[in-house]
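Asks: Here it is: the structure, laid out below.
The values are calculated or read from the model by the stated rules, or taken from the named source; none is laboratory data. Since this is a predicted model, take the numbers as computed values, not measurements. When we count neighbours, we look across all protein chains shown, and the Cβ atoms used for this are built from the backbone with ideal geometry, even at glycine. For the accessible areas, the whole protein counts, side chains as well, though only heavy atoms, and no ligand, DNA or RNA atoms are used. Shrake-Rupley method; radii C 1.70, N 1.55, O 1.52, S 1.80 Å.
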Amino acid sequence: MKTLTKEQKLKKLGEVQSSTIAEILHRLATPDRDAIAIRPTGFGKTYTINKIARIEKNSTRVFKKVLYIYSGEVIKNQVIQQYGEDNHVEFLTYTFFSLVKDGLCTKKAQRDFRLLHGEVDLIILDEAHKAGAENALKGLKGLFDMYPNAKKIAITATYNRSDGVDICTE
């Protein structure tokens, strides 16, 4: 087995990330198709989906409004630190969706939903295995109903949930 240098590993990782971006964009270009990517820890999943969220064609953003669903402040802070504040990206945590009970939003959830300005064209589910939790799943389905034309990208390293929920089909 050939051992790669650090530079060779980084080059290979960049090639695989570029290939993943191309695959996701290809799926999203197909009507009524969304994308899920299961990639290992250390792959650069957050980097990959943020590249997609900021793609431009002819100096115009492909996705005008992005809703980024994340698992914790560490992820949000990483995204903001790497890419800066961006008024076309809005953030919600998976915890937010625990505020949705039986399809009804609590007052806090209703307020937070109203903070979303305009139509959302891309919904990113970082650490997508978190979306399988019962309340999160209900809340996300409500969100998807609110934005039926939004493309969705789910990305995770953890596709097996101990409760048996299959995030690839939900």
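Asks: Protein chains only, probe 1.4 Å: how do Lys6, Lys64, Lys130 rank by accessible area, largest first? Intermediate values should be presented prior to the final figure.
Replies: Details: Lys6 145, Lys64 120, Lys130 90 Å².
The ordering from most to least exposed comes out as Lys6, Lys64, Lys130.
Asks: Starting from the amide H of Ala37, placed 1.01 Å from N in the peptide plane, find each other amide H under 5 Å away whose residue is 5 or more places distant or on another chain.
Replies: So Ala37 has HN proximity to Ala154, Ile155, Thr156.
Asks: What are the principal axis extents of the Cα atoms in the stretch 1-57, in Å, biggest first?
Replies: 42, 23, 16
Asks: Placing +1 at every Lys and Arg Cβ and -1 at every Asp and Glu Cβ, with all other atoms neutral, what dipole size does the stretch 1-96 have around its Cα centre, in debye to the nearest 20?
Replies: Taking the Cα centre of the stretch 1-96 as origin, the dipole is about 380 debye.
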